[in-house]
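Participant: Structure below; questions to follow.
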Amino acid sequence: MSTADQSVFHRCRFDGFQDTLYAHSNRQLYRECDIIGTVDFMFGNSAVVFQNCNILPRQPMANQQNTITAQGKVDPNQNTGISIQNCTISPYGNLSSSLKTYLGRPWKNYSTTVFMHSQIGSLVHPTGWLPWTGNTAPSTIFYSEYKNVGPGSSMKDRVKWKGLRNISDKEAKKFTVKEFINGGKWISDAGVSYKSGL
């Protein structure tokens with residue numbers, strides 16, 4: 001669990017199952033990391049950017065399905081969310097081709113998650129997202145997929161939630177290192193290269 005403001009993780013490996021990486025609070029950057037897990041394995045309520053990371057769902061326990069993200073925004077005025085930029089989503093180990101993997105599910109009512117410019121493998125279920133409970137999600141969530149590629153990136157059969165939005169270039173920029181986590185000197189001081197914009 002990370003609660004430190006302006007925390008930078010570079011070329012780290014987070015290897016777990018459920019709840020692998022808890023980005024709890026404040027501003028965080030994960031660059032060129034490997035993140036392995038099953039259920040809600042990238043979660044929390046920080047303002048966090050994952051950039052150039054390998055996201056690797058693995059075989060879960062019996063009767064489970066994989067959900068990559070579970071973002072926990074409870075207040076619409078919080079500047080928090082999960083931004084996944086230029087990452088690759090691919091299976092880890094012996095992940096069964098029949099196992100359902102989803103981009104995420106809304107942990108809280110204002111859950112905010114954006115996947116952009118990422119490579120989404122065929123392991124991701126065509127509907128893309130999973131409700132926390134029931135068969136829909138709160139209309140107050142903010143989910144988006146922006147200019148992703150790969151066999152799992154098609155929007156054709158995605159869930160028809162009000163909170164799953166199409167965003168413009170201008171809106172996507174709000175989830176970049178520069179704008180979302182005010183990244184600049186504090187990242188450079190860590191000696192880590194990064195992309196500030198789209």
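Taken together, the values in this text are just the output of simple stated rules run on the coordinates, not laboratory data. Keep in mind the model is a prediction, meaning the values are calculated, not measured. Counting neighbours? That spans all protein chains shown, and the Cβs are built from the backbone with ideal geometry, glycine included.
Participant: Given (1) surrounded by fewer than 19 Cβ atoms within 10 Å (Cβ to Cβ); (2) acidic (Asp, Glu); (3) under 19 Å from GLY104 (Cα atoms), identify the lone condition not met by ASP40.
Facilitator: (1)
Participant: Sticking with this one: On the phi > 0 side of the Ramachandran plot and out of contact with any Leu (no Cβ under 7 Å at 6 or more places or on another chain): is that true of ASN77 in this structure?
Facilitator: no
Participant: I'd like to verify a number: residues in segment 104-116 that are surrounded by 21 or more Cβ atoms within 10 Å (Cβ to Cβ) and in a strand (DSSP E or B), how many?
Facilitator: 5
Participant: Still on this model: In segment 117-138, is there at least one residue being over 23 Å from PRO57 (Cβ atoms) and outside any loop (DSSP other than H, G, I, E, B)?
Facilitator: Scanning segment 117-138, I find no residue that is over 23 Å from PRO57 (Cβ atoms) and outside any loop (DSSP other than H, G, I, E, B), so the answer is no.
Participant: With respect to the numbered conditions (1) surrounded by fewer than 19 Cβ atoms within 10 Å (Cβ to Cβ); (2) of a type in the set (D, E, K, R); (3) farther than 25 Å from GLY197 by Cα, which one is the sole condition not fulfilled by GLU32?
Facilitator: For GLU32, the failing item is (3).
Participant: Those residues that are touching a strand residue (DSSP E or B) at 6+ places or on another chain (Cβ under 7 Å), without any contact (Cβ under 8 Å) to a residue 40 or more places away in the chain and of a type in the set (Gly, Ala, Ser), I need them from segment 1-24; list them, please.
Facilitator: Within segment 1-24, SER7, GLY16 qualify.
Participant: Given the conditions (1) farther than 22 Å from PHE180 by Cβ; (2) in a strand (DSSP E or B), report the number of the one that ILE84 does not fulfil.
Facilitator: Going through (1) farther than 22 Å from PHE180 by Cβ; (2) in a strand (DSSP E or B) one by one, ILE84 breaks only (1).
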